[in-house]
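Structure in structure tokens, see below.
Here, each number is a calculation from the coordinates, and none is a lab measurement. What you see is a predicted model; the values in this text were computed from it and never measured. Cβ atoms come from the backbone with ideal geometry, glycine included; neighbour counts cover every protein chain shown.
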Amino acid sequence: MAGMDHSGMDHGAGAGLMQGMDHSQMNHGAAGAAAGAMAGMDHGSGAMPGMTDGQPMAGMDMGSMNMRDFSKAPGVKKGPGVQTISAMPIDRTGEPGQGLENVGHRVLTYRDLIALDRNPDTRAPEREIKLHLTGNMERYMWGFDGEKLSESPDPITLLHGERVRVTLINDTMMGHPIHIHGHFFDLVTGKGAYAPRKHTVLVQPGGTVSWDVTGEEGDWAFHCHMLYHMHAGMMRVVQVRKAGEAAA
């Protein structure tokens, strides 16, 4: 970052991201999370809102940007395990994965997929569950909504046969492949009754993914399939019960 005083900076936290920005009041505990804080950028060209001819975001006050604004994620537990909150999360299912943006050939995305057969359950969802993928890369802490599994968060509850939309919001600067046991879900990518059916989906940095699922009775693991992240805490239990049955 040209012109910046590097004397006390942790260079492992995103050096070289934004030339010429004013870091005078920036929270460096969250430095390097530009992917989550500025997910509204054009990832195909690398251009950000307000950027012209490769110059830093004209007129944008980066010095006062709060990269842990919990008002944007009121359900997330505050703590050292949450390094950043994505300021402008967007659906990135139509974008290539990290490192595949400029490879010189076409890269398939989730929005290119379509089911060969009609989805078995095409009902509209009855409700929505939103979950934030949270972490602190410097401390290597990972979780859902700011909580690790070892902190005994409440299970995610569904009724057997209930149709639910799950929206995942990635507040970190890493992609997370999220997996649920015992279910297939239908990605919400505009394919209607022929939505691609998955049991694992990659949520890109600063990105969101929505999918519809029908609850199957049982207790099911729900976790990041980057198993280091799962063991560090990015795991929950999905508890599905028949109507009228009390949760254990």
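At R0 = 35 Å, how high is the FRET efficiency between Ala243 and Thr167 if r is their beta carbon distance? Nearest 0.05 is fine. Write down the numbers at each step before the final one.
Values: r = 24 Å, r/R0 = 0.68.
Calculated transfer efficiency: 0.90.
What is the distance, in nm, between label points placed 7 Å from the Cα along the Cα-to-Cβ direction at His160 and at Arg118?
In this crude spin-label approximation the distance works out to 2.6 nm.
Give me the net charge of Pro153's neighbourhood, meaning all other residues with Cβ under 10 Å from the Cβ of Pro153; Lys, Arg count +1, Asp, Glu -1. Don't skip to the answer; put the middle values down first.
Working: positive: Lys77, Lys148, Arg236; negative: Asp145, Glu147, Glu151, Asp154.
Computed value for this residue: -1.
Expressed in nm to one decimal, what extension gain is obtained for the pair Ile90 and Tyr140 from 0.36 nm per residue of sequence separation less their Cα-Cα distance? Mind showing how you got there, number by number?
Values: separation 50, 0.36 × 50 = 18.00 nm, distance 2.46 nm.
Full extension of this stretch gives 15.5 nm more.
Using a 7 Å offset from the Cα along the Cα-to-Cβ direction at both Ser152 and Phe184, what is the distance between the two label points in nm, to one decimal?
Modelled inter-label distance: 3.8 nm.
Less than 25 Å apart at the alpha-carbon level, and either on another chain or at least 8 residues along: which lysines does that give for Lys242?
Lys130, Lys198
Highest mean first, what order results for 76-87, 99-110 on Cβ atoms within 10 Å? Can you show the working numbers first?
On the way: 76-87: 20.4, 99-110: 10.6.
Result, highest mean Cβ count within 10 Å first: 76-87, 99-110.
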